[in-house]
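So the structure is just underneath, and the comments pick up after that.
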Amino acid sequence: MQYYYDLHLHSCLSPCGDMDMTPNNLVNMAKILGLDVIALTDHNTSLNCEAAIKVGEEVGVLVIPGMELTTSEDIHAVCLFPALEKALAFSEYVDANRIKVRNKAEIYGRQVIMNENDEEIGEIEHLLLPASFISIMDAYSKAHEFGGICYPAHIDRDSLSILSVLGEIDPYCNFKTAELADLSKLDELKKQHPILETLHIVNCSDAHYLENMRDAANTLELPELTREAVLDFLDSPLT
């Protein structure tokens, strides 16, 4: 069956995000937009995933716990996990292996942890934007150690993408999927980077604001709507 997805969304925990991106607001907006499955991928943390998953269970939207990892090269990569505990374990690992500078809320906004009732239960004091100590070359294998998958985010952007930083996607990285912000660029990118012919391509919003979330348009062909089925598809060789 075909299921509508957006696998790159941020909550109010992400710096430069909006305080309106509470777990309830973003999951219910996904429901209104017709999405079947979403992933919460805050910068370098998964601490709002539990709340989003609980809201998703109430309203009928499958929420995959994840993270937008910033690698040591300042490349963004989407990491997704089949279970909350695996995402939280990876989140703890990343937190212990990233650059720590205090957040300036007046510049980057607050980094708020919420429960499923959109009540504040914590705040991260160190800015979540700086790089981790994990290389893009090791990102997939490290996520895999924690039971998850990883692939490069918004590869078509002029900054914070694997193509803008390295100029190519090295097969050594072992990625099975790549994310584009703008699908209209895909044909030209395939001419420049033939490796894209061998990868699944996903198109996601990277929304930090409710108004940036998109109507349901892109689908995944899955045997069933489960986290495991989504990850298995994205992590399988393209046939």
For strands (runs of 3 or more DSSP E) lying entirely in region 1-120, having 1 or more residues that are over 28 Å from Leu166 (Cβ atoms) picks out 2-9, 37-40, 62-70, 112-114
Within region 70-81, the residues that are out of contact with any His (no Cβ under 7 Å at 6 or more places or on another chain) and of a type outside the set (Phe, Trp, Tyr) are Thr71, Ser72, Glu73, Asp74, Ile75, Ala77, Cys79, Leu80
Any pair with Cβ under 8 angstrom, 6 or more apart, that starts in region 148-168 at a residue that is among the basic types (Lys, Arg) and ends at one that is modelled with pLDDT of 95 or more and part of a helix (DSSP H, G or I) = Arg157/Ser164
Regarding Met67, is this residue closer than 30 Å to Cys173 by Cα and either touching a Pro at 6+ places or on another chain (Cβ under 8 Å) or crowded, with 24+ Cβ neighbours inside 10 Å (or both)?
-> yes
Pick from region 202-239, criterion crowded, with 17+ Cβ neighbours inside 10 Å and of a type in the set (Val, Ile, Thr), ranking: farthest from Thr177 (Cα to Cα) | Val230
Inside region 128-239, counting only helices (runs of 4 or more DSSP H) that do not spill past its ends, which hold 1 or more residues that are farther than 25 Å from Glu73 by Cβ and not basic (Lys, Arg)?
-> 186-192, 227-234
Residue check, Ile113 surrounded by 17 or more Cβ atoms within 10 Å (Cβ to Cβ), in contact (Cβ under 8 Å) with a residue 60 or more places away in the chain and touching a Lys or Arg at 6+ places or on another chain (Cβ under 9 Å) = no
Yes or no: Ile99 hydrophobic (A, V, I, L, M, F, W, C), surrounded by fewer than 24 Cβ atoms within 10 Å (Cβ to Cβ) and within 11 Å of Ser132 (Cα to Cα)?
-> yes
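The values are calculated or read from the model by the stated rules, or taken from the named source; none is laboratory data. These figures come from a predicted structure and were not determined experimentally. Glycine gets a Cβ as well: all are built from the backbone with ideal geometry, and neighbour counts include every protein chain shown.
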